[in-house]
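Sharing a structure, written as structure tokens. Questions coming.
The values are calculated or read from the model by the stated rules, or taken from the named source; none is laboratory data. Keep in mind that what you see is a predicted model, and the values were worked out from it rather than measured. Note: ideal-geometry Cβ built from the backbone for every residue, glycine included; neighbour counts use all protein chains shown. Accessible surface is based on the protein model in full, side chains and every heavy atom, while ligands, DNA and RNA are left aside. Shrake-Rupley method; radii C 1.70, N 1.55, O 1.52, S 1.80 Å.
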Amino acid sequence: AAFPPMLHLLALPLGALLGHSAEVASAASLLWLVLLAGVTAWIAQRLCGDEAVGAAAAVGVFLLPALHGFALRYYYDLPMVTLCWLAAAALLAGRDRSPVRCTLLVSGLSLAALLTKWAALALLPPLLLAALLVRSRPRPLSGQARAEGLLLNWRSRLLLMLVVPLLVVLGLSGFLAMSGTENSLSSMSSTAFSGSLQGRTEVPGVGRLVELSGDLLSLAGQRWEELSFDHRLFYPLRAVVSVLSPLLALCALPLLLLWLLWSRLGFLLVVLPVIGWGGFVVLAMPVLDD
């Protein structure tokens, strides 16, 4: 009950084809890395209409040392992140043209990400909000396509903003109701908040999630006041040496500055997930947790 079961359910079909050994399961994680690079490339191309930018984005994903480490073992983080960005890509693709199909697809991918690892609770909401609002410049093929590309269907986006969270909450409520009080969400909560949320997961269904959200906000505020300056800097510094590596950080940080000064294309897709994820690791996760 330490983790939700989606990763194992997704790995079963591959195991049926190639075998269920530990080596096959570990090698399957490389597919998540390839999928993450592909969906990142598609999003980048969608934002600016340039295939070269999409290729550069894919190469950037393949260069991240942290992803190399996760791709070589059977674990939850890489599939969770990939499913989150797949949901964002599905939202970008259908937010103005196919609201019903987009709603179902984004809800299903979001639920799969959450049921792969509960840390997606911090990443998905700001990421999907950014995907809903970010401006894109798809390359038009004709005058009609150009007009369609500039059309913003706000009714479709409002439908997505209201219905997707509702479907995801209903799906999570059903899963938690089947899981009982001893489940992976309470396990993660006790780890992230040092037991402060234990005993607060007995409220059934939607009420359980609402009450848990209130507890998270309250405890996050208390946590920020208690953290020392060194502890607040731990995760940003570890991002440089663990996620990017110092050499990549020396390249990435100047490029980030140039992007902030001259382009800012896809700004929401960068800033909102950083705020959501950064707030989670600083305010919720145990200090010094690599």
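Look through the range 129-149, keep the residues that are modelled with pLDDT of 90 or more and open to solvent by 30 Å² or more (accessible area, probe 1.4 Å), and return whichever of them is farthest from L92 (Cα to Cα). Quick ask: steps written out before the conclusion?
Step one: filter the range 129-149 for residues modelled with pLDDT of 90 or more, giving 129-134.
Subset that is open to solvent by 30 Å² or more (accessible area, probe 1.4 Å): 129, 133.
Values: L129: 11, L133: 9 Å.
Among those residues, the one meeting the criterion is L129.
Residue by residue, here is whether (1) surrounded by fewer than 16 Cβ atoms within 10 Å (Cβ to Cβ); (2) of a type in the set (K, R); (3) out of contact with any strand residue (DSSP E or B) (no Cβ under 8 Å at 6 or more places or on another chain); (4) at pLDDT 70 or above holds:
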position	(1), (2), (3), (4)
L151	yes, no, yes, no
R157	no, yes, yes, yes
V168	no, no, yes, yes
F175	no, no, yes, yes
S179	no, no, yes, yes
S184	no, no, yes, yes
M188	no, no, yes, yes
L197	no, no, yes, no
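Only residues that are touching a helix residue (DSSP H, G or I) at 6+ places or on another chain (Cβ under 8 Å) and farther than 17 Å from L92 by Cβ: list them for the range 248-272, please.
Across the range 248-272, the qualifying residues are L248, A249, A252.
All but one of (1) surrounded by 12 or more Cβ atoms within 10 Å (Cβ to Cβ); (2) free of Cβ contacts under 8 Å to residues at least 40 places away in the same chain hold for L265; which doesn't?
Condition (2) is where L265 drops out.
If only one of L33, L47, L10 is under 22 Å from the mean Cα position of the chain (by Cα), surrounded by 14 or more Cβ atoms within 10 Å (Cβ to Cβ), farther than 24 Å from L114 by Cα and at pLDDT 85 or above, which one is it? Give the steps one after another, and end with the answer.
Details: L33 fails: farther than 24 Å from L114 by Cα; L10 fails: farther than 24 Å from L114 by Cα.
Exactly one residue qualifies, and that residue is L47.
So which residues in the range 69-107 are farther than 23 Å from R46 by Cα and in contact with a helix residue (DSSP H, G or I) (Cβ under 8 Å, 6 or more places away or on another chain), if there are any at all?
Going through the range 69-107, the residues farther than 23 Å from R46 by Cα turn out to be 69-77.
The answer is F70, A71, L72, R73, Y74, Y75, Y76, D77.
Considering only the range 50-93, state which residues are free of Cβ contacts under 8 Å to residues at least 24 places away in the same chain and in contact with a Cys (Cβ under 8 Å, 6 or more places away or on another chain).
A90 - this is the single residue of the range 50-93 that is free of Cβ contacts under 8 Å to residues at least 24 places away in the same chain and in contact with a Cys (Cβ under 8 Å, 6 or more places away or on another chain).
Okay, moving on. Does at least one position in the range 50-61 carry a residue that is assigned to a helix (DSSP H, G or I), under 24 Å from L111 (Cα atoms) and open to solvent by 50 Å² or more (accessible area, probe 1.4 Å)?
no
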